[in-house]
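The values are calculated or read from the model by the stated rules, or taken from the named source; none is laboratory data. All values derive from a computational prediction rather than experimental measurement. Backbone-built Cβ (ideal geometry, glycine too); neighbour counts: all protein chains shown.
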Amino acid sequence: MTKTAWTRKDLVGLKDLSREEITLILDTAKSLQEVSTRPVKKVPTLRGRTVANMFFEPSTRTRISFELAEKRLSADTINFSAATSSTVKGESIKDTVRNIESLKVDIIVMRHPASGAPHRLAERLDVSFINAGDGINEHPTQALLDMFTIKEKKGTLEGVKVTFIGDILHSRVARSNIWGLTKMGAKVVVCGPKTLIPPKVEELGVEVIYDLYDAIKDADVINLLRIQMERQSECFFPSIREYANTYQINRKVLEVAKKDVVIMHPGPVNRGIEVSSDVMDGPSSVILDQVTNGLAVRMAVLYLLSGARKKIEG
Amino acid sequence: MPQKQIMSSEEITRAITRIAHEILEKNKGAKALALIGIRTGGAFLAKRFQEKIKEIEGTEIELGLLDITLYRDDLTEIGAQPDIRETEIDFGVSGKKIILVDDVLFTGRTIRCAMDAIIDFGRPEFIQLAVLIDRGHRELPIKADYVGKNIPTSKQEDVVVNLKECGEEDSVVVFEGETKND
């Protein structure tokens, strides 16, 4: 086990984390996995702590995963969704969050459509923040659970080749994964329509390959990104059908890939677009393992952040 | 730091042999017995009890390893969160006669955590406690069923159990100065 101690108040992204801190989260998650297999799936660790889940954007997996992680650690939870709150009356995000903080909440889990929103709030407020996705910037717990799953399936992250396919430009999942995977010594390849590859992405230490077959032929992991219909107001590619014809992972495409390649997807999946149904439900897919692992990873983050809070409370 | 050895390798081995016999005598054999060792020292000792009991009785009883961090009552007081190690209890504890194993019994708080954790895995028939060292200073009403050696200590002293599983020679040593036992 690592000798690193967690000292950060917040987890807003993987950009600033060290390799040791990432390893500490992944090791802690490994130990916490077992809690969910017990007859009593709950430990008293965060008794008396309160976590607010503030989702300004829709979410199924992440919100449920965080809420369950909080409950498995015995924290009290409150849920906020923008649609049913005073946000619709025009209250600013900072005021909303300060009101929540006044209720002596310890940790805020936040998803927000504006990139950098949790970062700015975390700097100004004492409450701990966990970024559950900010705009197109970062989604650190998703990248951590992806890395956890790769480590589980491949035994290591060092030297593992991970290919991301799809909308890299709008993907906070890809961005967090790039920060994390490159720090952990994995090789990252991105592939997709030219319009959806961010300019100068190579400077982050990744390789850009436009041809799908070239991009996947020696990949250990293929991580598919969702085509985000809600962020496609401009025309980044001619049609969904053309995208599927060029970039879909299906049985035929997989013939060029390694036999033991694993297919990942952060969800929600557009079945028949990023991936064919048979591959998604087939033996190479670890999509549901990602969901299971997400719970342990989020428990680990909540556990570690609660330790750092003790300093603030003195 | 001044230190004093209070148990040698041979004495530790003899204590383990004696306790293994006592466990079998008190429970009239190995039926339904299972060992749960508290990480890290207790886990190694539990493994040794398992081997010794197999030697005596010819049956290998089940062995679980427990990390008590998630149950600690001082998580809000100490600094950064302690590392969580893996708990591995791959058998049903319900109806089992559980022998809980730790290296040093001190305040009793670790044992309280361990009992709470075990009960989250099921309802054992009973839990008994085996420790290599009982150093006194209990803060909870907890008593060991099997003790390798009672050592009167002051609260300022630190009792360290070195085991060959950790790459050290088997020994129990008392240090003067700040205690690290919990």
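Got a number for residues in the stretch A:254-303 being of a type in the set (Gly, Ala, Ser) and in contact with a Lys or Arg (Cβ under 6 Å, 6 or more places away or on another chain)? Steps first, please.
To start, the set of residues in the stretch A:254-303 that are of a type in the set (Gly, Ala, Ser) comprises A:257, A:267, A:272, A:276-277, A:282, A:284-285, A:294, A:296, A:300.
Checking the rest, the ones that are also in contact with a Lys or Arg (Cβ under 6 Å, 6 or more places away or on another chain) come to A:267, A:277.
Qualifying residue count for the region: 2.
Considering only residues that are surrounded by 20 or more Cβ atoms within 10 Å (Cβ to Cβ), assigned to a helix (DSSP H, G or I) and more than 14 Å from chain A (Cβ to nearest Cβ), which ones fall in the stretch B:45-73?
The answer is B:45, B:46, B:48, B:49, B:50, B:53.
Every residue, every condition in (1) modelled with pLDDT of 95 or more; (2) farther than 19 Å from residue A:29 by Cα, yes or no:
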{"site": "A:263", "(1), (2)": "yes, yes"}
{"site": "A:268", "(1), (2)": "no, yes"}
{"site": "A:291", "(1), (2)": "yes, no"}
{"site": "A:299", "(1), (2)": "yes, no"}
{"site": "A:308", "(1), (2)": "no, no"}
{"site": "A:312", "(1), (2)": "no, yes"}
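Please enumerate the residues belonging to the stretch A:39-54 that are buried (at least 17 other Cβ atoms within 10 Å of the Cβ) and either among the acidic types (Asp, Glu) or more than 8 Å from chain B (Cβ to nearest Cβ) (or both). Break it down stepwise before answering.
Our first condition is that a residue be buried (at least 17 other Cβ atoms within 10 Å of the Cβ); within the stretch A:39-54, this holds for A:43-46, A:49-54.
Listed by number, the residues that qualify are A:46, A:49, A:50, A:51, A:52, A:53, A:54.
Find the helices (runs of 4 or more DSSP H) located wholly in the stretch A:17-131 whose residues include 3 or more that are under 26 Å from residue A:287 (Cα atoms), of a type in the set (Val, Ile, Thr) and modelled with pLDDT of 95 or more, and list them.
Details: elements: A:19-32, A:61-72, A:93-102, A:117-124.
In the stretch A:17-131, the matching helices (runs of 4 or more DSSP H) lie at A:19-32.
Can you name every residue in the stretch A:63-81 that is under 25 Å from residue A:114 (Cα atoms) and in contact with a Pro (Cβ under 9 Å, 6 or more places away or on another chain)?
Answer for the stretch A:63-81, where residues must be under 25 Å from residue A:114 (Cα atoms) and in contact with a Pro (Cβ under 9 Å, 6 or more places away or on another chain): just A:81.
Only one of these is within 14 Å of another protein chain (Cβ to nearest Cβ) and either in contact (Cβ under 8 Å) with a residue 40 or more places away in the chain or in contact with a Cys (Cβ under 8 Å, 6 or more places away or on another chain) (or both): A:18, A:74, A:36. Name it. Spell out how you get there, then give the answer.
Details: A:18 fails: within 14 Å of another protein chain (Cβ to nearest Cβ); A:74 fails: either in contact (Cβ under 8 Å) with a residue 40 or more places away in the chain or in contact with a Cys (Cβ under 8 Å, 6 or more places away or on another chain) (or both).
Within the list A:18, A:74, A:36, the selection yields A:36.
Checking the conditions here, which among B:102, B:145 is surrounded by 16 or more Cβ atoms within 10 Å (Cβ to Cβ) and touching a Gly at 6+ places or on another chain (Cβ under 7 Å)?
Details: B:145 fails: touching a Gly at 6+ places or on another chain (Cβ under 7 Å).
Going through B:102, B:145 in turn, the sole match is B:102.
Answer with yes or no whether residue B:40 is more than 8 Å from chain A (Cβ to nearest Cβ) and at pLDDT below 95. I'd like the intermediate steps shown before the answer.
On the way: more than 8 Å from chain A (Cβ to nearest Cβ): yes; at pLDDT below 95: yes.
Yes.
Checking the structure you have, find out if any residue of the stretch A:164-175 is under 28 Å from residue A:307 (Cβ atoms), hydrophobic (A, V, I, L, M, F, W, C) and outside any loop (DSSP other than H, G, I, E, B). Before you say what the answer is, go through the steps one by one.
Going residue by residue through the stretch A:164-175, those that are under 28 Å from residue A:307 (Cβ atoms) are A:172-173, A:175.
Now restrict to residues that are hydrophobic (A, V, I, L, M, F, W, C): A:173.
After this cut, where a residue has to be outside any loop (DSSP other than H, G, I, E, B) as well, the list is A:173.
The answer is yes, given that some residue of the stretch A:164-175 is under 28 Å from residue A:307 (Cβ atoms), hydrophobic (A, V, I, L, M, F, W, C) and outside any loop (DSSP other than H, G, I, E, B).
Of everything in the stretch B:74-105 that's more than 21 Å from residue B:138 (Cα to Cα) and within 15 Å of the chain's Cα centre (by Cα), which residue is farthest from the other protein chains (Cβ to nearest Cβ)?
Among them, the one singled out is B:98.
With the requirement that a residue be crowded, with 21+ Cβ neighbours inside 10 Å and in a strand (DSSP E or B), what does the stretch A:190-221 give you?
A:190, A:191, A:221
Being within 11 Å of the chain's Cα centre (by Cα), in a helix (DSSP H, G or I) and of a type in the set (A, V, I, L, M) is the filter; apply it to the stretch B:106-134 and report the residue that is farthest from residue A:42 (Cα to Cα).
Out of the qualifying residues, it is B:111.
Within the stretch A:87-113, how many residues are within 14 Å of residue A:172 (Cβ to Cβ) and touching a helix residue (DSSP H, G or I) at 6+ places or on another chain (Cβ under 8 Å)? I'd like the intermediate steps shown before the answer.
Looking only at the stretch A:87-113, we keep the residues that are within 14 Å of residue A:172 (Cβ to Cβ), and these are A:110-113.
Going one step further and asking which of them are touching a helix residue (DSSP H, G or I) at 6+ places or on another chain (Cβ under 8 Å), we end up with A:110-112.
Adding up the residues that qualify gives 3.
Could we say that residue A:302 is within 14 Å of another protein chain (Cβ to nearest Cβ), crowded, with 20+ Cβ neighbours inside 10 Å and under 18 Å from the mean Cα position of the chain (by Cα) here?
Working: within 14 Å of another protein chain (Cβ to nearest Cβ): yes; crowded, with 20+ Cβ neighbours inside 10 Å: yes; under 18 Å from the mean Cα position of the chain (by Cα): yes.
Taking the combined requirement at face value, the residue satisfies it.
Among what's in the stretch A:1-15 and is more than 24 Å from residue A:110 (Cα to Cα) and loosely packed, with under 15 Cβ neighbours inside 10 Å, pick the residue that is nearest to the other protein chains (Cβ to nearest Cβ).
A:1
In the set A:57, A:91, which member is surrounded by 15 or more Cβ atoms within 10 Å (Cβ to Cβ) and not hydroxyl-bearing (Ser, Thr, Tyr)?
Details: A:91 fails: surrounded by 15 or more Cβ atoms within 10 Å (Cβ to Cβ).
Selected residue: A:57, the only one of A:57, A:91 that is surrounded by 15 or more Cβ atoms within 10 Å (Cβ to Cβ) and not hydroxyl-bearing (Ser, Thr, Tyr).
Residue B:53 - would you say it is touching a residue at least 60 places away in the same chain (Cβ under 8 Å) and of a type in the set (A, V, I, L, M, F, W, C)? Don't jump to the end; show me each part of the working.
Numbers: touching a residue at least 60 places away in the same chain (Cβ under 8 Å): no; of a type in the set (A, V, I, L, M, F, W, C): yes.
When the stated conditions are applied, residue B:53 does not pass them.
If you take just the helices (runs of 4 or more DSSP H) that sit entirely in the stretch A:238-314, which of them hold at least 1 residues that are in the same structural domain as residue A:24 (by TED's automatic domain parsing) and in contact with a strand residue (DSSP E or B) (Cβ under 6 Å, 6 or more places away or on another chain)? Steps first, answer last, please.
Numbers: elements: A:240-247, A:251-254, A:277-280, A:287-313.
Those helices (runs of 4 or more DSSP H) span A:287-313.
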